[in-house]
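In what follows, a single structure is set out as structure tokens and then discussed.
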Amino acid sequence: MSVPFVIYLAFFFQYPVILQSDIPFIIFNHGSYFIIPGFFFFVYSLVYQLTHRKQLIQNGPYKYLRHPQYLAFIIMTFGMTVIAFQTSPITPINLFYISNYNIVFYIWIAEVLAYVVLGKIEDVALKTKYGEEYLEYATKVSFMFPSIKLKKKVVRN
């Protein structure tokens, strides 16, 4: 999804007036419901990481996820994919037939898989750097997608 964005920026710098017609479309589009919160979650996670760089971060967004920035990218690119589907001609999506219109979906799936692989690589690097402290943290905190952990109520007789 970054390639279309870079191409858009190239057009924007040549013709800045396109922003006048594009802002209402982007703001009032269903994809924006994912792009805007994903962007703010990314910025929050990035700022938190940059201000706590010297140690293994276990608070803030890292209290719930080991890779919140990757999740933010997945959310943002999903929103961009939704916008791409709304700007393409409407055709039925057949996942087993590759066309110009559903290839965007495959690109998004490939990006999600790439972020999962990057997260796994980062886990190995952090395990090497922090050792046992990271292993304990990794057992308590979800990988990339949050999970709800319910506490079991202990009934004593």
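Data overview
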read-out: Odd one out for residue 23 among (1) at pLDDT 80 or above; (2) part of a helix (DSSP H, G or I); value: (1)
read-out: Subset tally (residues that are surrounded by fewer than 17 Cβ atoms within 10 Å (Cβ to Cβ) and not in a helix (DSSP H, G or I)) for segment 30-44; value: 1
read-out: Matching residues, segment 45-73, being open to solvent by 70 Å² or more (accessible area, probe 1.4 Å), part of a helix (DSSP H, G or I) and in contact (Cβ under 8 Å) with a residue 24 or more places away in the chain; value: 63
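The values are calculated or read from the model by the stated rules, or taken from the named source; none is laboratory data. The shown structure was predicted, so the numbers you read here are calculated from the model rather than taken from an experiment. Backbone-built Cβ (ideal geometry, glycine too); neighbour counts: all protein chains shown. We work out accessible area using only protein heavy atoms, side chains counted, and drop any ligands, DNA or RNA first. Shrake-Rupley method; radii C 1.70, N 1.55, O 1.52, S 1.80 Å.
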